[in-house]
1. Could you tell me whether residue A:223 is touching a residue at least 40 places away in the same chain (Cβ under 8 Å) and either within 14 Å of chain B (Cβ to nearest Cβ) or more than 24 Å from residue A:164 (Cα to Cα) (or both)?
2. Residue under question is residue A:122, and the condition is that it be more than 16 Å from the ligand (Cβ to nearest atom), under 20 Å from residue A:220 (Cα atoms) and not acidic (Asp, Glu); does it hold?
3. So, in segment B:43-93, how many residues would count as being open to solvent by less than 100 Å² (accessible area, probe 1.4 Å), of a type outside the set (Gly, Ala, Ser) and facing another protein chain (nearest Cβ under 7 Å)?
4. Looking at B:37, B:20, B:27, B:58, can you tell me which residue is without any contact (Cβ under 8 Å) to a residue 12 or more places away in the chain and touching a strand residue (DSSP E or B) at 6+ places or on another chain (Cβ under 9 Å)?
5. I want to confirm something. Restricting to segment A:179-208 and keeping residues that are part of a loop (DSSP other than H, G, I, E, B) and open to solvent by less than 30 Å² (accessible area, probe 1.4 Å), which single residue is modelled with the lowest pLDDT?
6. How many residues, within segment A:20-29, are near the ligand (Cβ under 8 Å from one of its atoms) and either at pLDDT below 95 or surrounded by fewer than 23 Cβ atoms within 10 Å (Cβ to Cβ) (or both)?
7. Return the total of residues in segment A:267-306 being over 30 Å from residue A:81 (Cβ atoms) and more than 11 Å from chain B (Cβ to nearest Cβ).
8. Given A:36, A:5, A:29, A:58, which one is away from chain B (no Cβ under 13 Å) and of a type in the set (D, E, K, R)?
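The values are calculated or read from the model by the stated rules, or taken from the named source; none is laboratory data. This is a predicted model, so every value here is computed, not measured. In this analysis, Cβ positions are derived from the backbone assuming ideal geometry, glycine residues included, and neighbour counts consider all displayed protein chains. Accessible surface is based on the protein model in full, side chains and every heavy atom, while ligands, DNA and RNA are left aside. Shrake-Rupley method; radii C 1.70, N 1.55, O 1.52, S 1.80 Å.
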Amino acid sequence: MTKYETVIGLEVHVELATKSKIFCSCSAEFGAEQNESVCPACCGMPGMLPIVNKKVVELGMTAGMMLNCDINRVTTFDKKNYYYPDLPTSYQTTQLFAPICVNGTVEITTSKGTKNVRIKQIHMEEDAGKLVHDDWTDTSLVDFNRTSVPLCEIVSQPDLSSAEEVVAYLERLRSLLRFAKVSDCRMEQGSMRCDVNLSIRPEGSDKLGVRTEIKNMNSISAITRAIEYEVARHIDALETGSEELVQETRRWDDIKGKSYAMRNKETAGDYRYFPDPNIMPIVIDDEWYDSVKKTLPEFPEVKKARYVDKLGLTEYDADQLTRSRALCDCFESASATCGMPKEVANWLISDVMKMLNKKSMTFDMLSLDGNKLGQLIKLVEDGKVSRANAKKILSIMFDEDINPEEYAEKNGYIVSNDTDQIASIISAVVAGDPKAVADYKSGKEKAIMSLFGKCMRELKGNCDPQVLKELLIDIVNKA
Amino acid sequence: MEKEYLIKLEKVNELRLEDAERENVLAFFEKRAEDLASLEEVETSNITRMVHVMPITAGIREDVAIKKFERDDLQKGAPETTDGYWQVPRLVE
Ligand SMILES: [Zn+2]
């Protein structure tokens with residue numbers, strides 16, 4: 001029986017994390033009412049001219065630097081022409097002849113070890129609008145809010161050979177691009193999506209088989225299923241002649257678990273690409289290049305090693321934190337403030353991550369001020385605020401910009417060192433519960449815990465538990 | 001350029017040349033190819049690429065979102081709208 005190998009290349013689109021669109025000043029944010037983030041430029045009115053958003057070029061460069069690409073110092077935009085009502089100008093402004101980045105590599109790790117996947121190019125382009133089909137009136141409704149939202153398309157060489165490698169590649173891209181704040185890469189919201197180009201050939205052959213392209217995949221698990229289905233379909237076609245494989249674009253139906261042919265793939269000529277005469281070439285001089293290079297973050301694994309070697313975290317803790325740039329940023333600034341990285345890691349992993357999960361927020365959505373978290377942890381370590389009360393303050397800090405110490409003072413969360421005052425509260429509690437006192441004295445050790453709990457409540461938790469325990473036993477014994 | 005390729009170009013451009021015309025076109029392209037080849041002799045490794053005939057490059061803007069237009073104004077000239085959407089004939093994929 002012939003053994004086959006799979007050859008896969010990916011085109012990954014990510015939405016760039018900008019405030020405004022690529023060629024006009026309309027907001028690029030999600031969630032506006034239909035056609036509220038639109039102007040004459042992005043809805044294709046005649047005579048409007050594009051002006052490139054500086055941040056888009058910088059994020060494009062950043063993506064390239066994270067993926068070891070060469071940056072084209074002179075980069076140009078081209079028009080890709082096709083007619084569709086989600087494209088008001090009848091052309092998409094994209095890059096064909098001098099894309100911003102070329103020739104990169106991404107290292108991936110799978111069960112078979114590590115491997116380099118080559119990046120052919122990264123280009124900047126604009127997104128299209130959205131069509132809603134209205135069955136009632138049998139028309140299509142057009143929303144141009146997403147038109148001209150900036151995208152980067154990352155094109156790999158056909159270096160991937162299994163669904164496992166594709167998943168590892170996508171996860172690696174997502175991690176690097178999130179770390180560099182290029183994109184939030186949220187597949188479920190469509191800010192990261194990919195086209196999978198796939199063919200199979202007998203093992204060892206250097207001739208490529210017939211290639212099919214599965215368009216617009218936006219879930220990692222669906223991508224795995226689609227690849228497995230397509231590989232089986234291709235092998236079946238070659239082995240049994242059940243169908244003739246043709247080069248085509250297919251759509252994956254994840255519910256039915258099948259792929260379907262779409263329109264025939266247009267060749268590059270059909271799009272009549274030509275240089276956009278309205279956008280002058282963009283020249284990236286050394287100064288600009290260096291200023292972007294300076295903003296690059298440490299790679300996640302470099303950070304992880306540093307957290308373990310220099311800051312004394314466990315592998316597990318370092319792994320948890322380096323899952324998200326926002327967690328890392330918060331960790332680093334909190335550690336700098338309080339000087340206790342292990343404590344900060346504990347707070348982030350046990351409390352902050354839990355709070356994020358509870359609110360169904362991703363780790364990257366964390367906006368907690370690390371400096372203030374550091375202040376709070378210091379208050380606990382200095383014995384000024386109890387751990388339980390610090391957790392209450394932390395949950396307020398999640399939603400409000402407060403100063404932890406001021407807040408603790410204002411709301412009665414400062415631990416009391418006034419033993420006279422503590423003793424008087426204990427005495428009152430003890431006097432009010434003669435049964436517990438009698439139980440304790442008759443040998444029921446547990447009775448002291450109920451008294452301890454009552455005292456702690458009376459003290460609003462603002463007491464060193466050890467001090468409270470000693471004073472309590474003393475007072476009970478004397479009672 | 002080979003004659004076969006020229007015939008292919010004629011086809012995609014919906015043209016039809018007589019054989020004599022083809023000879024002329026092929027001779028023309030051969031001469032241009034020679035001209036281009038002669039450019040290879042020029043030492044260009046130290047010359048920066050010309051970005052534009054005028055010493056200008058693209059004007060770029062800072063990433064600031066500004067709302068300057070109202071939807072109703074933009075849709076004034078639209079043949080049909082519904083609920084803030086432009087309305088067009090239904091498309092079947
Ligand atoms: Zn606009």
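1. Values: touching a residue at least 40 places away in the same chain (Cβ under 8 Å): yes; either within 14 Å of chain B (Cβ to nearest Cβ) or more than 24 Å from residue A:164 (Cα to Cα) (or both): no.
Criteria not met by residue A:223.
2. Working: more than 16 Å from the ligand (Cβ to nearest atom): yes; under 20 Å from residue A:220 (Cα atoms): no; not acidic (Asp, Glu): yes.
It is false that residue A:122 is more than 16 Å from the ligand (Cβ to nearest atom), under 20 Å from residue A:220 (Cα atoms) and not acidic (Asp, Glu).
3. Number satisfying all stated conditions: 19.
4. Values: B:37 fails: touching a strand residue (DSSP E or B) at 6+ places or on another chain (Cβ under 9 Å); B:20 fails: touching a strand residue (DSSP E or B) at 6+ places or on another chain (Cβ under 9 Å); B:27 fails: touching a strand residue (DSSP E or B) at 6+ places or on another chain (Cβ under 9 Å).
When all the criteria are applied, what remains is B:58.
5. To start, the set of residues in segment A:179-208 that are part of a loop (DSSP other than H, G, I, E, B) comprises A:180-186, A:190-191, A:203-208.
So of that shortlist, the ones also open to solvent by less than 30 Å² (accessible area, probe 1.4 Å) come out as A:180, A:182-183, A:185, A:190-191.
Details: A:180: 95, A:182: 96, A:183: 95, A:185: 92, A:190: 86, A:191: 91.
Ranking the qualifying residues of segment A:179-208, first place goes to A:190.
6. So the first thing to find is which residues in segment A:20-29 are near the ligand (Cβ under 8 Å from one of its atoms), and the list is A:21, A:23-26.
Remaining after also requiring either at pLDDT below 95 or surrounded by fewer than 23 Cβ atoms within 10 Å (Cβ to Cβ) (or both): A:25.
Total satisfying the criteria: 1.
7. Taking segment A:267-306 as the starting set, the residues that turn out to be over 30 Å from residue A:81 (Cβ atoms) are A:285-306.
Okay, now just the ones that are also more than 11 Å from chain B (Cβ to nearest Cβ), so A:286-287, A:289-306.
So the answer is 20.
8. Working: A:36 fails: away from chain B (no Cβ under 13 Å); A:29 fails: away from chain B (no Cβ under 13 Å); A:58 fails: away from chain B (no Cβ under 13 Å).
Being away from chain B (no Cβ under 13 Å) and of a type in the set (D, E, K, R) holds for just one of A:36, A:5, A:29, A:58, which is A:5.
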